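Q: Sharing a structure here in structure tokens format.
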Amino acid sequence: MLLEEENQQTLTGRYYRALVLTAVRQYHAISRIQLRKVTGIRLASISKVVKDLLEEGLLEEAGSGESVRGRKQILLRLGSASGFVIGVEFDVNRVIGLAVDLTSRVVSQSQKKLPQVVNRKRILNAIQEVICDIIKQTNQNQSKLIGIGVADPGVIDIRKGISVFSSTISDWRDVPLRSILEDAFGVPVMIEANTRTKTLCEKRFGVGKEAKNLMFVEVGSGIGCGLMNGKELYRGFTESAGELGHVRVLENGPVCNCGSYGCLETQASLPALASQAVRAMKEGAVSRILELAGGEADRVTAEHVFEAARQGDKLALGILDKAAEYLGVAVAGAINLFNPEMVIFDSKLGLVSELMLETVKRVIQRQALAVATRDLKIGVSTLGEEAGALGAAVMVLDKVFEIPQRTVPEFVEV
Ligand SMILES: [Zn+2]
């Protein structure tokens with residue numbers, strides 16, 4: 001049996017609609033004639049689709065552009081008041097969120113610092129408060145909210161929308177984050193690893209804008225990387241791709257959170273830098289680090305190690321140099337595997353770029369294949385702390401503008 005004609009039309013209509021919206025999104029302002037050129041759709045169909053989209057507010061007219069045969073062409077752009085999307089990122093310290101309109105322009109922002117001791121309930125409350133606050137600030141009706149993207153710091157199950165585990169939040173286990181937020185706000189919710197939403201943000205708005213293949217490396221309480229091939233994020237078969245922190249760099253090294261030994265995370269994550277400093281000082285090493293931490297070893301953080309290193313402290317410099325060497329080895333391995341056009345390091349590493357980044361670059365040149373490093377660009381993120389939330393919002397927008405796949409129908413016997 002053939003597909004019914006009406007169904008065909010609906011499919012074609014949906015496809016045309018998505019193509020037109022995506023073209024307008026890419027070109028920002030475009031005329032109907034130009035739309036015909038870039039999409040290949042007949043002008044009559046373009047006019048019909050545009051008429052519907054103008055009525056729905058998804059498109060609006062934006063003055064006139066070049067004239068064709070003496071007639072000025074009216075330009076079309078995305079309707080700025082037709083809806084908004086929210087992106088939220090949370091971790092153990094704070095929740096940060098923002099709303100963007102269909103053109104990815106940030107229209108409101110909010111954040112909330114969390115108390116020293118956080119638990120599941122406090123974080124869930126803070127996420128919902130931040131979202132409510134953002135909606136209020138947009139001055140738009142909540143009915144204009146299209147969807148919510150969440151950037152999660154831990155292990156997630158994207159398909160089920162469950163936040164599985166976070167090593168920094170004590171009672172955070174199997175939290176059905178997607179359904180909690182969908183019930184609370186009545187819109188679709190997407191969850192993604194925060195390293196990946198930051199990677200997406202680097203591609204759209206950051207130093208990676210021009211790169212076709214990019215790798216974003218984040219060093220924080222853990223170490224991870226995000227990979228983009230063209231416009232697509234690479235997630236892997238079970239969506240666990242990018243666990244750079246669990247590459248073994250040290251035979252017989254210390255036990256890692258993941259249960260293995262000698263992982264990069266045990267040598268170069270921010271908590272690892274602090275604990276290496278504390279251990280060395282307990283063994284008698286003299287360092288500025290203790291003084292910077294107010295004389296209390298328990299209060300030593302990676303920031304103190306960075307600051308001491310900037311002041312020329314030998315212990316701190318040694319710790320950072322060793323960590324940079326291990327990080328370089330792991331990143332060089334990833335470069336050999338994925339052959340990115342550009343590697344972008346998190347801005348935390350940028351803060352100490354003169355101390356760590358040079359070593360990392362040197363090790364990459366030494367360890368990675370010449371064919372992979374010959375034209376490799378290495379950069380440091382210049383995006384602000386809202387990058388994770390912005391990437392989460394853009395991820396939802398990409399879904400809104402997704403072009404339906406035209407697949408071959410399954411034929412049955414006649
Ligand atoms: Zn590990």
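Only the coordinates and a few stated rules stand behind these numbers; no lab work does. Nothing here was measured: the structure is a model prediction, and the numbers come from that model. Please note: Cβ atoms are built from the backbone with ideal geometry, for glycine as well, and neighbour counts cover all protein chains shown.
Q: Taking a 28 Å limit on the Cα-Cα distance, which of the listed pairs 209/399; 113/212; 160/203 fall beyond it?
A: Long pairs (Cα-Cα over 28 Å): 113/212.
Q: Tell me the volume per residue, in Å³, of the convex hull enclosing the alpha carbons of the chain. Mind dumping the intermediate values first?
A: Working: hull volume 82.0 nm³, N = 414.
Roughly 198 Å³ of hull volume per residue.
Q: If the viscosity is 1.306 mPa s and the temperature 10 °C, what Stokes-Einstein diffusion coefficient in µm²/s follows for the stretch 308-385 when Rh is the Kirkwood radius over Cα pairs?
A: 122 µm²/s
Q: Here's another thing I want to ask about it. Under a crude label model (7 Å from the Cα following the beta-carbon direction), how far is residue 61 from residue 80 in nanometres?
A: The answer from the label model is 1.8 nm.
Q: When the scattering of the stretch 177-320 is computed by the Debye formula from its Cα atoms alone, each counted once and equally, what is log10 I(q)/I(0) at q = 0.15 Å⁻¹?
A: Results for the stretch 177-320 at q = 0.15 Å⁻¹ read -0.90.
Q: Seen from all sides and averaged, what is the projected area of the convex hull of the Cα atoms in the stretch 172-249, in nm²?
A: With every direction weighted equally, the projected area is 7.1 nm².
Q: Now for a different question. Based on the Cα gyration tensor of the stretch 5-78, what are the three equivalent ellipsoid semi-axes, each the root of five times an eigenvalue, rounded to whole Å and given largest first?
A: They are 22, 13, 10 Å, listed largest first.
Q: Can you return the aspartates and glutamates within cross-link range of residue 314? Criterion is Cα-Cα under 18 Å, with same-chain partners fewer than 8 residues away left out.
A: Output for residue 314: 283, 291, 303, 325, 354, 358.
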